[in-house]
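The block underneath contains the structure these notes are about, expressed in structure tokens.
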Amino acid sequence: NYEGRHTVFNLDLLRHVNVGLTDPVEVRVGLESRDVEYENEPGDFAAEVAGGARGAPGELLAPGAQGFFGIRQADDFDDNVMALGAYVTVNAVVTPALGTTLALRLDDEEDNRDLSAHLGARWQATRQLALRASLSSNFRTPSAAQTHFRATELLVSGGSIAEAGVYATDHPAARALGAGDLDSESALNLNAGVIYQPLPGLAVELDGYQIDVDDRIVLSDPLGGA
């Protein structure tokens, strides 16, 4: 059984501040706490220990229930991670034709501390034409499942029994192959768009996006050998 629980609490405060612009500036601040728990719960112990049987032609059968015997005792894991976040967003109408947004967010999760930012603007060039653009940096911390997921089984290869499966980066086998702790994924997002309204009730929008992701978390290629 694989089980995950995610509990989130938010405090969000909003205030409009008059600084002499076209409209009052909207200022939003917030705090967030996240409690994330992940568990690999082993199955029936008998499904993994019975072994050494021979098949009809006499070939050696893998230990445990044939096919997939579920989560082994060695893959047991249960832990939770607390994360805290704080953010501020400022929306300002600089002129009747120009609106801007600035946002910052700081998240702290055990060994991962990340800062993201967003800057956006919308310009109403004419009654029919508007332009918009934004630039933002984002991140995604490794999920508990990505950090601790394990699924192993015993296979028969060349007349002997070998272990195979998916291993977390903190497993001794993964460490021996050079694996390190997972870093947060980071992304830089750039987008721009144009809105054209030739007739009342009819608008045409065109948007373009460029997203660059670094340190993406994926499964490695299959590894084998001594």
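Conditions (1) surrounded by 15 or more Cβ atoms within 10 Å (Cβ to Cβ); (2) modelled with pLDDT of 90 or more; (3) of a type in the set (Val, Ile, Thr), marked per residue:
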{"residue": "VAL25", "(1), (2), (3)": "yes, yes, yes"}
{"residue": "PRO42", "(1), (2), (3)": "yes, no, no"}
{"residue": "ALA50", "(1), (2), (3)": "no, no, no"}
{"residue": "ALA53", "(1), (2), (3)": "no, no, no"}
{"residue": "PHE77", "(1), (2), (3)": "yes, no, no"}
{"residue": "LEU84", "(1), (2), (3)": "no, yes, no"}
{"residue": "THR95", "(1), (2), (3)": "no, yes, yes"}
| said: Please verify whether SER116 is in contact (Cβ under 8 Å) with a residue 24 or more places away in the chain and within 23 Å of the chain's Cα centre (by Cα), treating the condition exactly as stated. | reply: no
| Scanning the range 169-226 for residues that are polar (S, T, N, Q) and more than 20 Å from GLY120 (Cα to Cα), which turns out surrounded by the fewest Cβ atoms within 10 Å (Cβ to Cβ)? | SER220
| request: Tell me which residues, restricted to the range 101-143, are part of a loop (DSSP other than H, G, I, E, B) and open to solvent by less than 40 Å² (accessible area, probe 1.4 Å). | output: ALA125, THR141, PRO142
| Restricting to the range 70-100, what's the tally of residues that are over 30 Å from GLU41 (Cβ atoms) and part of a strand (DSSP E or B)? | 13
| task | Evaluate the range 193-201: report whether one residue or more is more than 30 Å from ALA176 (Cβ to Cβ), out of contact with any strand residue (DSSP E or B) (no Cβ under 7 Å at 6 or more places or on another chain) and part of a strand (DSSP E or B). | result | yes
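The values are calculated or read from the model by the stated rules, or taken from the named source; none is laboratory data. As the structure is a computational prediction, the values presented were derived from the model and not from experiment. Positions of Cβ are backbone-derived with ideal geometry, glycine not excepted, and every protein chain shown enters the neighbour counts. The protein model used for the area step is the full one, side chains on, heavy atoms only, and it has no ligands, DNA or RNA in it. Shrake-Rupley method; radii C 1.70, N 1.55, O 1.52, S 1.80 Å.
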